[in-house]
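Let me begin by presenting the structure, written as C-alpha cells, before commenting on it.
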C-alpha cells in the first residue's frame, strides 16, 4: 500500500514542486508578457499607487511577473525569485484593488498564497537550483 491514494504520505514532493512551479511561473510569464509587449498601453492603465512614479511601477511589475516568472518556472533562485512576485501581489491585493470586492482581487489573493507555498516548498529536485547544487 505504499504511495496509494489513501496514504497520507505524498507521492513526490519534488514532482509537486515542479508542477506548481511550471503552472505558477507559466501564468506569470503570460501576464508579464502581456504587459511587456504592450508597455506603452500599460503606462496609461497604471497609477502611481506606491509613490515611485508610473514608469518605475510598470517596470517593476514586468520584472516581477515576466522575468521572475521565468526564474520560478526554471527553478532558478526560486525562493529569491518569488519574493518580487509576492510583493507585487501584496500591493495588487491590498493597495491597487484594496477597495474592490473580493471577486475582483481574488486572483491576486490566490497568487499571493501560492507564492508563499513556493517560498516554503522551494524548487525541488527537478530544477536548476538542484542541478547547480549537484555541480558544486
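The values are calculated or read from the model by the stated rules, or taken from the named source; none is laboratory data. All values reported here derive from a predicted model rather than from experimental measurement. Methodologically, a virtual Cβ is constructed for each residue, glycine included, from the backbone with ideal geometry; neighbour enumeration extends over all protein chains shown.
Remarks
- Filter result for residue 99 (free of Cβ contacts under 8 Å to residues at least 24 places away in the same chain and part of a helix (DSSP H, G or I)): no
- A search for C-beta distances below 8 Å between a residue of the stretch 105-116 that is free of Cβ contacts under 8 Å to residues at least 60 places away in the same chain and any residue that is surrounded by fewer than 13 Cβ atoms within 10 Å (Cβ to Cβ) and in a helix (DSSP H, G or I), counting only pairs 6+ apart in sequence or on different chains, returns 109/102.
- Check on residue 19, modelled with pLDDT of 95 or more, part of a helix (DSSP H, G or I), out of contact with any helix residue (DSSP H, G or I) (no Cβ under 9 Å at 6 or more places or on another chain) and exposed (fewer than 14 other Cβ atoms within 10 Å of the Cβ): yes
- Any hit, the stretch 88-95, residues being assigned to a helix (DSSP H, G or I), within 24 Å of residue 132 (Cβ to Cβ) and at pLDDT 95 or above: no
Conditions tested, residue by residue: (1) surrounded by 13 or more Cβ atoms within 10 Å (Cβ to Cβ); (2) within 19 Å of residue 131 (Cα to Cα).
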| residue | (1), (2) |
| --- | --- |
| 7 | no, no |
| 14 | yes, yes |
| 27 | yes, no |
| 37 | no, no |
| 67 | yes, no |
